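Comments concern the structure below.
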Amino acid sequence: MGNRFNISWKKIGLAIKEFFIALGRGDLLTRLRVDRALPYILYLFLLGCISIWLSYHAEQTMLTVQKNNDRIKTLKVYHAQKTYELVRLDRIATVEKMLEEAGNLEKMEDYTSPVGYSERTNAVIEPRLSMQWFLKMEALAKDALESVESGAVKLIPDKYRNTYRHWMENVRDWCISRQLWWGQRIPAYYLPDGQVVVAETAEKALEAAQAIDSNITAADLRQDEDVLDTWFSSWLWPISVFDGIRNPNNPEIEYYYPTNDLVTGPDIIFFWIARMIMAGYEWRNEKPFSNVYFTGIVRDKLGRKMSKQLGNSPDPLDLIAKYGADGMRVAMMLSSSAGNDVMFDEALCEQGRNFCNKIWNAYRLVNMWEVDATIAQPEASKQAITWFDEVMLERIERINHLMAQYRISEAFTELYRLFWDDFSGWYLEMVKPAYQAPIDAQTLASTKHYFDQLLRLMHPFMPFVTEEIWQDLKPEGEVKSIVIAEQPKAEREANAAIIARFGLAQEVISAIRNIRKQKNIAQKEALALNYIADENYPAEFEAVIVKMGNIKEVATVVEKDPTATAFIVKTTQYFVPMEGNIDKEAELKKLGDDLTYYEGFLSSVMKKLSNERFVSSAPEKVVANERAKQADAEAKIAALKAQIAALQ
């Protein structure tokens, strides 16, 4: 474009304002006179408006808009004793001709236009100005805003309350009419003189019209061609599903309204959620639901939105065929949290499938065991059940608490670890009978009870595999489907001391396994275990240590064995005799590395405890915990130094 023209934005605004005032008068022929206007017109003939670039120029230009039934048909420009008629798609060529003949066309350039095209017809989309129906929203918004601010309706996560508040405090009237050929037509009827009556049916509209003019017939009435906005139907959903609009006091609406939870996306927080709350208070004088849980948008692992253009949107049916529906659900649970976007990675579907296989294989293992009612329960199994009873109580309470807070992803993560690590990795290994040996009836009954409880907990997340297994497991006297089986509840508080003491046994077993790995000792080769007794030795779980560590003998000693491989759990010193197989240099290096670590750890703890401000201001429990760390570290350092001295 040339730079010879001095553009006046003030005159642009005045011209557009005058143009819209003329349209509002409804003149069939509107003349818009712009004094000293440049005959160089850059227009945006979209949205029913015209943008005019003006400058100070000696000539005078006149624009004429021809209107017919609110549809802008033509734009006539009178300039230099010539008339140029701009008719929709031909106007670009006409403007080019006008400017060229007037000598005002300096150059033409191609540029990318934001003009939209119809997906079906490829026609240019040119919205136009027309009369619309609006719903006044200010009064409706007051109760809806108060319900969320007071906590009557909770938004989860709470961060969306600010978004909701912004919408409601800046609410605008709602345009409820749409120019479509399908939908619920607006029940407004026009009389010949332009007056409007609103009625539920054409018959009632005629009655209302005849009250205005008794000579009017049904043929004289014209129903508005527009249809209602889809959201105008959707905002009634909590009420209309129970026929609460037509029959406001029926038993179903009285029983089910208001409901508890709504799960939806934050992108429609105003379009749907806020409007449903408004409708609830308008027609039922009550909130429609108590909690709104917002899910996130599913994105790819790079954080991009799923789209066909990027090719990053997998077909869910293909994923289900490859990984199973439950596997895909696990992937979604592992990658999402309330209100946050889901970073989807297909590798998580594989992890979900593997978890399903883990559940299947665990059940197959339990089903393979033959029961012998005559044998006594082994001590290791008894101790395993004592521990897992408390673990189940603790985890059930924790999972239910997380679910009550709508921290669904965290609840599933807890459940995933409970089944994979605690149940499969530890409990089943502790109670598993020897190869081809039977299991006692009491242990098998407890194991199946745990399996039943775990399946119920997992069912909301993985409905298909859990239902299939439960139908085979199915405890006697239970309901026909797991979907209506009662969820487990913690009948009492878990014994944290038992869980903590078993944690010591787990550390001992893990240390023995590490020694086997480091020394290349097969699991089938039994080892001896010695220890210097103190209060941190888990004697109540010794049978488990013996079984899981394949220990042939456990003995208490009072002196350190320099030829044994040693390790420390809390303050208890353990020794695994190597019977001449110990590598002295390697063992000294390992003990030296451990000593360096614990000395550094003790130094960091002492820095905290030497800080008077920390000791005086920190909670008593925190300070006590740091002092316990100090005692443990000092005991381990002393033991390590003694072991190093013995080897040297």
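Can you list the GluC sites (Glu not before Pro) in segment 215-262 that are in a DSSP coil and have 13 or fewer other beta carbons within 10 angstrom? Of the GluC sites (Glu not before Pro), the ones in loops of segment 215-262 whose Cβ has at most 13 other Cβ atoms within 10 Å are Glu225.
If you count Lys pairs in segment 545-628 whose Cα atoms are under 18 Å apart, skipping same-chain pairs closer than 8 places in sequence, the total is 7.
Here the Karplus curve 6.51 cos²θ - 1.76 cosθ + 1.60, taken at θ = phi - 60°, turns the phi angles of segment 157-167 into couplings of x, 5, 4, 6, 5, 5, 4, 4, 4, 4, 4 Hz, with x standing for Gly and Pro. In this view, the solvent-accessible surface of Met403, computed with a 1.4 Å probe and all protein chains in place, comes to about 70 Å².
From the square roots a ≥ b ≥ c of the eigenvalues of the alpha-carbon gyration tensor of segment 510-587, which class results: rounded (a/c under 1.5), prolate (a/b over b/c), or oblate? Oblate shape, in that a/c is at least 1.5 and b/c is the bigger or equal ratio.
Computed over protein heavy atoms with a 1.4 Å probe, the accessible surface of segment 131-175 works out to 64 Å² per residue. For segment 219-376, the solvent-accessible area works out to 55 Å² per residue, with a probe of 1.4 Å and every protein chain left in place. Heavy-atom accessible area for His401, with the other protein chains in place and a 1.4 Å probe, reaches approximately 100 Å². I'd like the distance separating the alpha-carbon centroids of segment 224-302 and segment 453-467, in whole Å. A separation of 29 Å, based on Cα centres. What a 1.4 Å probe finds exposed on segment 453-603 is 50% carbon and sulfur by accessible area, rounded to a whole percent. Here the accessible area of segment 225-330 is 52 percent carbon and sulfur, with a 1.4 angstrom probe and all protein chains present. Taking the Cα centre of segment 534-636 as reference, the dipole from Cβ charges on Lys and Arg (+1) and Asp and Glu (-1) amounts to some 460 debye. Between segment 193-209 and segment 351-367, the C-alpha centres lie 67 angstrom from each other.
Rounded, prolate or oblate: which fits segment 492-626, taking a ≥ b ≥ c as square roots of the Cα gyration tensor eigenvalues, rounded meaning a/c under 1.5, else prolate when a/b beats b/c?
oblate
Taking every protein chain into account, the 1.4 Å probe leaves Thr563 with about 70 Å² of accessible area, to the nearest ten. Only protein atoms count toward the accessible area here, which uses a 1.4 Å probe; on segment 399-438, the carbon and sulfur part of that area reaches 51 percent. With 5 Å bins beginning at zero, the pair-distance distribution over Cα atoms of segment 317-391 amounts to 3, 13, 14, 14, 14, 10, 10, 10, 7, 4, 1, 0 %. Shown here is the pair-distance distribution of segment 569-648: with all Cα-Cα distances grouped in 5 Å bins from zero up to the longest one, the shares run 3, 14, 21, 19, 14, 10, 8, 6, 4, 2, 0 percent. For a straight C-alpha distance cut-off of 28 angstrom, the lysines reachable from Lys159 (same-chain residues fewer than eight places away being disregarded) are Lys136, Lys142, Lys287, Lys301, Lys305.
If R0 equals 45 Å, the separation of the Cβ atoms of His401 and Thr112 corresponds to a calculated FRET efficiency of about 0.25. Here the relative contact order of segment 343-464, from alpha carbon pairs under 8 Å that lie six or more residues apart, stands at 40 percent.
Based on protein heavy atoms only, segment 523-625 ends up with 58 Å² per residue of surface accessible to a 1.4 Å probe.
Of the listed residues Ser307, Ser214, Ser313, the order by accessible area with a 1.4 Å probe, largest first, is Ser214, Ser313, Ser307. With the cut-off at 1.5 for a/c, could you classify segment 377-478 from its C-alpha gyration tensor as rounded, prolate or oblate? Prolate, because a/c is 1.5 or more and a/b exceeds b/c.
The values are calculated or read from the model by the stated rules, or taken from the named source; none is laboratory data. Everything quoted here is computed from the prediction, not taken from an experiment. Using ideal geometry, Cβ is built from the backbone for each residue, glycine included, and neighbour counts are taken over all protein chains shown. Surface areas here come from the heavy atoms of the whole protein model, side chains and all, with no ligands, DNA or RNA. Shrake-Rupley method; radii C 1.70, N 1.55, O 1.52, S 1.80 Å.
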